[in-house]
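**Student:** Dropping a structure here in structure tokens format, bear with me for questions.
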Amino acid sequence: MYEDFHVTDRWTGEDLHCRWKANIVAIATRHADAVDVRFDVNDRPMWIALPCAAWVEQKKRTGKVLTDRLAAQVAGRYLKQLIEEGHDSRREMYTMSVGEVLDHLGTVIEEGRAQQGLPSLPVGVEPTG
């Protein structure tokens with residue numbers, strides 16, 4: 001779904017290839033109460049920061065946990081929407097609000113159900129046997 005996708009930049013018409021790379025706890029890297037989800041957008045890094053409070057709120061509302069796989073999908077959907085709406089696709093970091101995380105999470109879950117499940121992570125790594 002949103003771990004490896006193409007989107008057209010609204011202003012330039014450029015085809016942007018967005019590929020998930022990692023989820024990193026930002027507390028250690030930049031002293032922020034967030035999880036940073038890294039994407040490569042045409043081989044340039046772009047980060048989507050999801051506040052840790054979203055994990056707490058999700059658990060409180062539903063009793064279910066926001067997993068790494070779901071976080072990557074939420075961030076990817078948000079990134080795709082930003083680019084489609086004409087936000088600066090050259091910016092290196094965007095920060096989501098708790099409400100945005102939960103709204104996108106609901107949509108991702110519904111889309112995943114319609115597609116019989118979410119794709120697995122990491123992308124492009126074949127299981128060894």
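**Student:** How many residues, within segment 97-112, are buried (at least 20 other Cβ atoms within 10 Å of the Cβ) and touching a residue at least 60 places away in the same chain (Cβ under 8 Å)? Step through it out loud before you land on a result.
**Tutor:** So the first thing to find is which residues in segment 97-112 are buried (at least 20 other Cβ atoms within 10 Å of the Cβ), and the list is 101, 104-105, 108.
Of the ones still in play, those that are also touching a residue at least 60 places away in the same chain (Cβ under 8 Å) are 108.
So the count comes out to 1.
**Student:** A further question on this structure: Identify the residue in segment 66-96 that is over 20 Å from Met1 (Cα atoms) and over 13 Å from the mean Cα position of the chain (by Cα) and, among all such residues, is modelled with the highest pLDDT.
**Tutor:** Glu92
**Student:** Kindly indicate whether any position in segment 45-58 is loosely packed, with under 14 Cβ neighbours inside 10 Å and closer than 19 Å to Tyr2 by Cα.
**Tutor:** Within segment 45-58 (the criterion being loosely packed, with under 14 Cβ neighbours inside 10 Å and closer than 19 Å to Tyr2 by Cα), the answer is yes, since at least one residue qualifies.
**Student:** Name the strands (runs of 3 or more DSSP E) wholly inside segment 1-96 in which the number of residues that are touching a helix residue (DSSP H, G or I) at 6+ places or on another chain (Cβ under 8 Å), touching a residue at least 24 places away in the same chain (Cβ under 8 Å) and polar (S, T, N, Q) is 1 or more. Steps first, answer last, please.
**Tutor:** Numbers: elements: 4-8, 15-25, 34-41, 44-51, 93-95.
Once the strands (runs of 3 or more DSSP E) in segment 1-96 are filtered for at least 1 residues that are touching a helix residue (DSSP H, G or I) at 6+ places or on another chain (Cβ under 8 Å), touching a residue at least 24 places away in the same chain (Cβ under 8 Å) and polar (S, T, N, Q), what remains is 4-8, 15-25.
The values are calculated or read from the model by the stated rules, or taken from the named source; none is laboratory data. Because the structure is predicted, anything quoted here is derived from the model rather than measured. Counting neighbours? That spans all protein chains shown, and the Cβs are built from the backbone with ideal geometry, glycine included.
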